[in-house]
């Protein structure tokens, strides 16, 4: 990858959903990254909108919706937090939090969690009442997670803090040295069975006991290479994926690797770069690479099962698997459905025309999609 192209990609990471991508370097040395144009295909399935709602513009922040029982919790960057009935899309309650929300929405332990650009962490009960407010070392760029009586918060300086789910008091802090140049990302943590898995700058993956902050093991997903600081960036900018057997992580301008969940021993690795993320499901690993292509790998060996690069440079979201389909959104608000067996297109729908910044999430027998303009859509695919 050329240095100029890397600079463009880093700008894209910061812009999050920008639709004007070419012409930044003038007519003399202009580098052009033009998104792939959508082509027609034989539609063998179709999306259907079950309901839609609008909570307000999320700006360029990667804000996720959280699901708990029969409710959806979603936030906007200007501080609004809403609860929506999962079956009908009707609003239950709305709160003005008084903060600029940069990390959210998280849930667990009966709490709805958001974080601010000033390091504030707010925990609400599911009825909308504020339970507690706490503070971490710097801005919160990802959704806080709660499990086993602990709220795990990752801050922009690379720290991970464990707070008491009961009152927000600090239980522990995990710190590590951060390189001088890193990709600003919304990577958080993935929690399973009392362990938080987190990827860091320089391609490191860490497993942390959430009760006390003790590091259980650390492994290298990739190693920085190159002659300049830009070329040596090899950061993990998305959440690790975990199942009962292994944990997998992928770095930007680096590699994808899977490790034994108990000891962190390397199972396999291969060169694939991603800043969007992936999904681990049963025998398969689904990835959106740095160019926006969707890839399916065998999770045991890492071998490629199929690749669809027809969404190249469309700022494709991380994938989600819905039944026999793989689903992903793009910067123009299109939601794409692919055949899970071979990666071919089977369905497509245009939502409100604004970027889909975050991966679709499961909702009943369908998916929930949030757009940059604040649209929330409950969709089925058949």
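Just a few scattered comments:
- Unmet requirement for residue 279, which otherwise passes all of (1) assigned to a strand (DSSP E or B); (2) buried (at least 24 other Cβ atoms within 10 Å of the Cβ): (2)
- Residue 326 being in a strand (DSSP E or B), in contact (Cβ under 8 Å) with a residue 40 or more places away in the chain and under 25 Å from residue 187 (Cα atoms): yes
- Filter result (within 17 Å of residue 189 (Cα to Cα) and over 18 Å from the mean Cα position of the chain (by Cα)) within the stretch 113-140: 119, 121, 136, 137, 138
- Residues within the stretch 155-193 that are more than 18 Å from the chain's Cα centre (by Cα), outside any loop (DSSP other than H, G, I, E, B) and over 15 Å from residue 109 (Cβ atoms), tallied: 5
- Every residue from the stretch 112-137 that is in contact with a strand residue (DSSP E or B) (Cβ under 7 Å, 6 or more places away or on another chain), assigned to a loop (DSSP other than H, G, I, E, B) and without any contact (Cβ under 8 Å) to a residue 24 or more places away in the chain: 117
- Where residue 214 falls short, out of the listed (1) closer than 22 Å to residue 300 by Cβ; (2) surrounded by fewer than 21 Cβ atoms within 10 Å (Cβ to Cβ): (1)
- For the stretch 194-210, the set of residues classified as part of a strand (DSSP E or B) and either more than 19 Å from residue 141 (Cα to Cα) or without any contact (Cβ under 8 Å) to a residue 40 or more places away in the chain (or both) consists of 195, 204, 206, 207, 208, 209, listed by residue number.
- Unmet requirement for residue 249, which otherwise passes all of (1) under 13 Å from residue 201 (Cα atoms); (2) part of a loop (DSSP other than H, G, I, E, B); (3) at pLDDT 90 or above: (2)
- Only listed residue being in contact with a strand residue (DSSP E or B) (Cβ under 9 Å, 6 or more places away or on another chain), surrounded by fewer than 23 Cβ atoms within 10 Å (Cβ to Cβ), at pLDDT 95 or above and closer than 27 Å to residue 290 by Cα, chosen from 242, 140, 173: 242
- Against the test of being in contact (Cβ under 8 Å) with a residue 60 or more places away in the chain, part of a loop (DSSP other than H, G, I, E, B) and surrounded by fewer than 21 Cβ atoms within 10 Å (Cβ to Cβ), the options 348, 372, 312 yield a single qualifying residue, 312.
- Annotation note: of 106, 17, the sole residue that is within 22 Å of residue 377 (Cβ to Cβ), at pLDDT below 50 and either buried (at least 18 other Cβ atoms within 10 Å of the Cβ) or in contact with a helix residue (DSSP H, G or I) (Cβ under 6 Å, 6 or more places away or on another chain) (or both) is 17.
- Screening the stretch 70-87 for residues that are over 23 Å from residue 354 (Cβ atoms) and without any contact (Cβ under 8 Å) to a residue 40 or more places away in the chain and picking the one that is surrounded by the most Cβ atoms within 10 Å (Cβ to Cβ) gives 85.
- Tabulated pairs, the stretch 168-179, first in contact (Cβ under 8 Å) with a residue 12 or more places away in the chain, second in a strand (DSSP E or B) and exposed (fewer than 13 other Cβ atoms within 10 Å of the Cβ), C-beta under 9 angstrom, 6+ apart or interchain: 174/215
The values are calculated or read from the model by the stated rules, or taken from the named source; none is laboratory data. Owing to the predicted nature of the structure, the values given are computational and were not obtained by experimental measurement. With ideal geometry, Cβ positions are generated from the backbone for all residues, glycine too; neighbour counts draw on all protein chains shown.
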